[in-house]
1. Conditions: (1) of a type outside the set (Ser, Thr, Tyr); (2) at pLDDT below 75; (3) out of contact with any strand residue (DSSP E or B) (no Cβ under 6 Å at 6 or more places or on another chain); (4) loosely packed, with under 10 Cβ neighbours inside 10 Å. ASP86 meets all but one. Number of the miss?
2. Of these, LEU324, LEU313, which one is of a type in the set (A, V, I, L, M, F, W, C) and either touching a Lys or Arg at 6+ places or on another chain (Cβ under 7 Å) or surrounded by 12 or more Cβ atoms within 10 Å (Cβ to Cβ) (or both)?
3. Do we find that GLU369 is outside the structural domain of ILE201 (by TED's automatic domain parsing), of a type in the set (Asp, Glu) and either in contact with a helix residue (DSSP H, G or I) (Cβ under 6 Å, 6 or more places away or on another chain) or at pLDDT below 90 (or both) in this structure?
4. Scan segment 294-314 for residues that are outside any helix (DSSP H, G or I) and over 22 Å from ALA346 (Cβ atoms) and report the count.
5. Please indicate, with yes or no, whether at least one residue in segment 150-164 is of a type in the set (Lys, Arg), touching a His at 6+ places or on another chain (Cβ under 8 Å) and either free of Cβ contacts under 8 Å to residues at least 12 places away in the same chain or not assigned by TED's automatic domain parsing to the domain that holds ASP342 (or both).
6. Select the strands (runs of 3 or more DSSP E) contained entirely in segment 329-377, then report the ones holding at least 3 residues which are buried (at least 18 other Cβ atoms within 10 Å of the Cβ).
7. Which of the residues spanning segment 128-144 are within 19 Å of THR80 (Cβ to Cβ) and in contact (Cβ under 8 Å) with a residue 60 or more places away in the chain?
8. Please go through (1) of a type outside the set (A, V, I, L, M); (2) at pLDDT 95 or above; (3) not in a loop (DSSP other than H, G, I, E, B) for GLU210 and return the number of the only condition it doesn't satisfy.
Amino acid sequence: MPADTFDPQAQPNQGLPGGLILLGVLGLIAAVYWTFRPQQPAQPAATPRAITARGDLAADEKSTIELFRHASPSVVYITTTALQRDIFSRNLLEIPRGTGSGFIWDELGHVVTNFHVIKDANRAKVMLSDQTAHNARLVGVAPDKDLAVLRIDASSEKLRPIPVGTSNDLEVGQKVFAIGNPFGLDHTLTTGVISGLGRQIQSVSRRPIEGVIQTDAAINPGNSGGPLLDSAGRLIGVNTAIASPSGAYAGVGFAVPVDTVNRFVPDLIEHGKIDRPGLGVAIAEQQINRRLKIRGALVLRVSPDSPAAKAGLRPTRYNQAGRLELGDIIVRIDEEEITSGDDLIAALQKHAVGDRVKLTIYRGEQALEVEVALGPI
């Protein structure tokens, strides 16, 4: 029969089945792969790194740590609330108003802070370094100096008065330390130097505070009222304000000098206020000076029975012809030149009630000298 003839009686090929052949091929490939695959190095067991010995702390680090340990128990955290009437129920509600810092002044529980920390508040709480909270009562305020004194009832062992230094011998470049509660973070330490002395800032009452300390120690909202310390851990100022477009730290902070604090806090404790020495006159605003081209403090009004009235100072008034007649212009107190109302206020703040000062004034074209005994204003 020809080879290409179809024979239904023929038998099929008897070779290996196709599935077994495929498995064999795959097995051969796997054997080759495992024989010639790249070998990975053995991984050692993961363990912590060995600790490098630190050695002793630097001397300045030790002194800073010791300063904080010693001073921080004198620093307190102040929270205030205000009463607000609910518009629906008409009930009075206690609304959180703000936070700030302060420090313990004496063993009687007096606490010094900024006036603006407790301004418009109805209640205040003082938290000590041991985290115990105490209700505070207001003792006295000096808005012109941005100072306030509170008092808490706490056992004497909880009260550590802060050591008080002086601010009349400070030097630019001197190290300073601020402890406070910025953004509610209690007992935060920041460091820096004195950047400037004799600065002037405006108080809440819009009167100038003289002799202010400028520092680059970080001061943020919540630091207000806390202490600025020298390297001996002594109080040299009360952190009061920052100069920043954003309201946060920008490298320029200010503190009321401790000599001012030490001068007025006793009066606040004893009398609840300070008697500000003055003349008993109302002075023209600076824009009036500019408009009239006046250099000095123009007297607008003189209070009856005031030191100025007793000294014969004349106010601005209309004369019988109906024309405006300018009052006396104060151009000097003792040897200090006065160019504006702010200068007059700053000069008076250097004196006490009862001091006698010599005023140089212009009355029209005439220059006069008048002696005045300063009175309480």
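1. (3)
2. Checking each option against the conditions leaves just LEU313.
3. Values: outside the structural domain of ILE201 (by TED's automatic domain parsing): yes; of a type in the set (Asp, Glu): yes; either in contact with a helix residue (DSSP H, G or I) (Cβ under 6 Å, 6 or more places away or on another chain) or at pLDDT below 90 (or both): no.
Spelling it out, it is not the case that GLU369 is outside the structural domain of ILE201 (by TED's automatic domain parsing), of a type in the set (Asp, Glu) and either in contact with a helix residue (DSSP H, G or I) (Cβ under 6 Å, 6 or more places away or on another chain) or at pLDDT below 90 (or both).
4. The initial filter retains those residues of segment 294-314 that are outside any helix (DSSP H, G or I), namely 294-306, 312-314.
Narrowing the set further to residues that are over 22 Å from ALA346 (Cβ atoms) leaves 304-305, 312, 314.
Adding up the residues that qualify gives 4.
5. Step one: filter segment 150-164 for residues of a type in the set (Lys, Arg), giving 151, 158, 160.
This time we only want the ones that are touching a His at 6+ places or on another chain (Cβ under 8 Å), so: 151.
Adding the requirement that they be either free of Cβ contacts under 8 Å to residues at least 12 places away in the same chain or not assigned by TED's automatic domain parsing to the domain that holds ASP342 (or both) leaves 151.
Yes: segment 150-164 contains one or more residues that are of a type in the set (Lys, Arg), touching a His at 6+ places or on another chain (Cβ under 8 Å) and either free of Cβ contacts under 8 Å to residues at least 12 places away in the same chain or not assigned by TED's automatic domain parsing to the domain that holds ASP342 (or both).
6. On the way: elements: 329-333, 356-363, 366-373.
Here the list reads 329-333, 356-363.
7. Of everything in segment 128-144, those that are within 19 Å of THR80 (Cβ to Cβ) and in contact (Cβ under 8 Å) with a residue 60 or more places away in the chain turn out to be VAL139, GLY140, VAL141, ALA142, PRO143.
8. (2)
The values are calculated or read from the model by the stated rules, or taken from the named source; none is laboratory data. Computed from a prediction, not measured in an experiment: that's the story for all the values here. When we count neighbours, we look across all protein chains shown, and the Cβ atoms used for this are built from the backbone with ideal geometry, even at glycine.
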